[in-house]
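Just below is one structure, and these are the notes that go with it.
The values are calculated or read from the model by the stated rules, or taken from the named source; none is laboratory data. Just so you know, these numbers come straight off a predicted model, no measurement behind them. FYI the Cβ positions are ideal-geometry reconstructions off the backbone, even for glycines, and counts take in every protein chain you see. SASA here: full protein model, heavy atoms, side chains in, ligands and nucleic acids out. Shrake-Rupley method; radii C 1.70, N 1.55, O 1.52, S 1.80 Å.
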Amino acid sequence: MEMDSVHLALFFTYGVSLKTWAETGLLEREVELYRELIQKGAQVTFITYGDETDYQYQEQLGPIQIIPYYAHCQVPKSKELKLIHSVLLPLILRHFLQKVDLYKTNQMWGSWNAVIAKWLWRKKLIIRCGYEYYLFSIKQKRHLFYQQIVKCLSWFAYRNADYIHVASTGDKEFIQQTFAIPEQKIRICMNYIDTEKFRPLFVKHKTAHLLFIGRLNPQKNLFALLDAIKDTSYCLDLIGTGELEKELKAYIAQHQISARFLGQFANDALPAIINQYPVYILCSHFEGNPKTLLEAMACGAAVIGTDVTGIKDIIADQHTGLLCQTDPNSIQSTIVRLMQDEELQKSLGKAARNHIVQECSLQHYVKKEFTAYQELMVSGKRSNDTKALSWLIMLKSKLHVLLSSPPLAQVIVKTALKLHNKSYELAGHFSQFLEPDQLHPKHRLMNYHDWFIKHLQADWKVLDIGCGNGALAYDLGAHCNSVVGIDISAKNIQRAQTQFPREHITYICGDATQHSFQQSFDAIILSNTLEHIEHRVEFLQAVFANQSHQSPPVLLLRVPMIDRDWITLYKKEQGMEWRLDPTHYTEYTFMQLEEELKQAGLLIESSEIKFGEFYGVAKKL
């Protein structure tokens, strides 16, 4: 079944609109899945509880069709009438809903409209529960009458669903036991995380701070967390809003607790924030499948969670995080242990990141979602198509088994990786002949010369070690006092002198560690040079020892990162050539580079990562 035959209508949670998503910072996060499904050929329609203002997000949503309920009828004045009126949605929007192949709810609340639409137009229905609504009402100790209403609604939705998507094994078992729903009808689909967006970043940690993100409500057990922090040297930063905000602030002031409220942020801003903290903590009394915890783990943060439903399903204690009890003493001892052990932070963060990539990535979720759509659409086909369709599915299954067998898969993978290496080499070589200046197109596309230029001062004298063909030295020469380019290759120096001569630029064929320079330098540049040196610490020490300037020069550095993408690490793991250039002795992680520079007596003052390369400014210790 091709995805272009599937038209999905997503029923928003009752009372929620696109404007609601936007104002709470969730719009981009919630839309990601449906953009991916559209890329695979699906059509998607959002049935929202907004009015005409929801159309303002059409450009942002692209091909997703927006159908706001209250753009097609008047909004009732009272909450009670609004709720009763909502059951008319399937009739009022019938012209849209009849054209759709498959209905899905975003949460349980409001699912009645999807069920009514299914009855009227005989479509397939997926009930999605980010958390089990009835179970939450019990744990929140809601009024007994409210709990019974929720129980009836849940029973009504589950009984009429073709598939039920839940976020945890606990929710699945609860639904089976409470509502007598067959196991094969329930699928576990943990909340997805965009692991390309939520990933480790090379930013400086706030070493004495830990982070909480979430609603400020009783469920989150925040007073116990504040008591745990109270007698430590650490500061708790909280992101979020909620009903307890005023009480929490008063409690902090009264007990002089080191804690800060940072407000609320759009989801897109969270990766950069999470990466500033070594530890993320969620000490709730219970959870569903908390996205903030998954996002923190995806960023490689070391996480602490309470040993409760919804958290213990995610954190493997001592492996992907640490579990504690809900009381202040247990929380405090776990915080102190983790904050004082940097090696434990790193190992937990790495394992957490790997777990999320394998189990909760957006791509993993899309695959599960796509499979469910296929199965439902196949089951809805007319009987005269059944045999041919079954044969095609069987053939696809057999091919999948054959191609996924380890011996054949190994051959395919290694062949593909070799072709990847060769294509990279050939593209780099022949693309130079298409450039007006016969230089590799990386000079033009990466524009890395500008980074070095902006870190120079006009009166500086600059030494470019490993200057190669002289292209960088030439551009530097227009923005500083003078440049000396040095390279051990006579061929490179000859080309530099021929192709990139300029007043105040001198090209030397020689060894920068031994050459007797006739001047001192304000800056030393190593642009894609250090990785070509076998004994790099000794090299750096010798280079700086060879400078006569009383004030040591600044080091401007550019090197390739080994963790620039997954395939580089995978090639190395498979024992294949993984380097960008076979003459490289290494390609770096940030920690490896930082340690080498430290051994050479240098400290990184500032840095950034672009195109999988490290750019940094370092100075003598």
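Going by accessible surface with a 1.4 Å probe and the largest first, THR415, THR48, THR232 read THR415, THR232, THR48.
Accessible surface area normalised per residue over the chain is 49 Å², counting heavy atoms of protein chains with a 1.4 Å rolling probe. Here LYS40 is the anchor, and the aspartates and glutamates within straight C-alpha reach of less than 15 Å, apart from those fewer than 8 places off in the same chain, are GLU2, ASP4, GLU32, GLU369. Report the charge-dipole magnitude of the chain in Debye, nearest 20, computed about the Cα centre from +1 at each Lys and Arg Cβ and -1 at each Asp and Glu Cβ. Charge dipole of the chain: 2320 debye, to the nearest 20.
Just check the range 103-171 against the gyration tensor rule for me: Cα atoms, a ≥ b ≥ c as the square roots of the eigenvalues, rounded for a/c under 1.5, and otherwise prolate or oblate depending on whether a/b exceeds b/c. Since a/c reaches 1.5 but b/c is at least a/b, the shape of the range 103-171 is classed as oblate.
Need one value: the accessible area of ILE533 in square angstrom, 1.4 angstrom probe, rounded to the nearest 10. That residue has around 40 Å² of solvent-accessible surface.
Annotation: extensible slack from GLN363 through ASP581 equals 75.4 nm (criterion: 0.36 nm per residue apart, minus Cα-Cα distance). Loop-located trypsin sites (Lys or Arg not before Pro) across the range 139-208 with a Cβ neighbour count of 12 or fewer within 10 Å are LYS141, LYS204, with loop assigned by DSSP.
Which shape class, rounded, prolate or oblate, goes with the range 440-539 when its Cα gyration tensor gives a ≥ b ≥ c as root eigenvalues, a/c under 1.5 marks rounded, and past that a/b bigger than b/c marks prolate? In terms of gyration-tensor shape, rounded. Quick one: of the DSSP bridges fully inside the range 466-621, what percent are antiparallel, nearest 5? Among the beta bridges of the range 466-621, antiparallel pairing accounts for roughly 55 percent. Given the range 39-197 reduced to its alpha-carbon atoms as identical point scatterers, what log10 I(q)/I(0) does the Debye formula return at q = 0.09, 0.11, 0.16, 0.20 Å⁻¹? Results for the range 39-197 at q = 0.09, 0.11, 0.16, 0.20 Å⁻¹ read -0.34, -0.51, -1.06, -1.39.
With the simple model of a label 7 Å out from the Cα in the direction of the Cβ, LEU419 to SER233 spans 5.7 nm. In this structure ASP101 has an accessible area near 50 Å², from a 1.4 Å probe over the protein heavy atoms. Listed by chain and number, the lysines whose alpha-carbon sits under 25 Å from that of LYS77, ignoring those within fewer than 8 places in the same chain, are LYS19.
Between LEU26, GLN494, GLY601, the Cα set farthest toward the positive side of the dipole of the chain (charges on each charged residue's Cβ, about the Cα centre) is that of LEU26. Counting protein heavy atoms only, the chain has 54 percent of its accessible area on carbon and sulfur, 1.4 angstrom probe.
Seen against the Cα atoms of the chain and their longest principal axis, helix 490-499 is set at about 80 degrees.
Computed over the Cα atoms of the chain, the ratio of the radius of gyration to the Kirkwood radius (Rg/Rh) comes to 1.04.
Here is how the number arises for the chain: DSSP H runs of 4 or more residues each give -39500 (n - 2.57), the sum is divided by the residue count, and the result at 222 nm is -12500 deg cm²/dmol. Of the GluC sites (Glu not before Pro) found in the range 228-314, the ones in coil according to DSSP and having at most 14 other Cβ atoms within 10 Å of their Cβ are GLU243. Between the helical axis of 169-179 and the longest alpha-carbon principal axis of the chain there is an angle of about 10 degrees. Against the longest alpha carbon principal axis of the chain, how many degrees, from 0 to 90 and to the nearest 10, is the axis of helix 111-121 turned? Helix 111-121 and the main axis of the chain meet at about 70 degrees. Distance from the Cα centroid of the range 467-523 to that of the range 254-311 is 50 Å (rounded to whole angstrom). Where a ≥ b ≥ c are the square roots of the eigenvalues of the C-alpha gyration tensor, would you call the range 184-286 rounded, which needs a/c under 1.5, or, failing that, prolate if a/b is larger than b/c, or oblate? Oblate shape, in that a/c is at least 1.5 and b/c is the bigger or equal ratio.
VAL537 sits with roughly 20 Å² accessible to a 1.4 Å probe, with DNA, RNA and ligands left out of the calculation. For the chain, the share of DSSP beta bridges that are antiparallel, to the nearest 5, is 20%.
The Kirkwood hydrodynamic radius of the range 420-476, based on inverse pair distances between different Cα atoms, is 13.1 Å.
Sorted largest first by accessible area at a 1.4 angstrom probe radius, with every protein chain in place, the residues HIS143, HIS165 fall in the order HIS143, HIS165. Pairs over the 24 Å Cα-Cα cut-off, from the set LYS220/LYS246; LYS139/LYS367; LYS454/LYS619; LYS99/LYS197; LYS185/LYS367; LYS454/LYS572: LYS139/LYS367; LYS99/LYS197; LYS454/LYS572.
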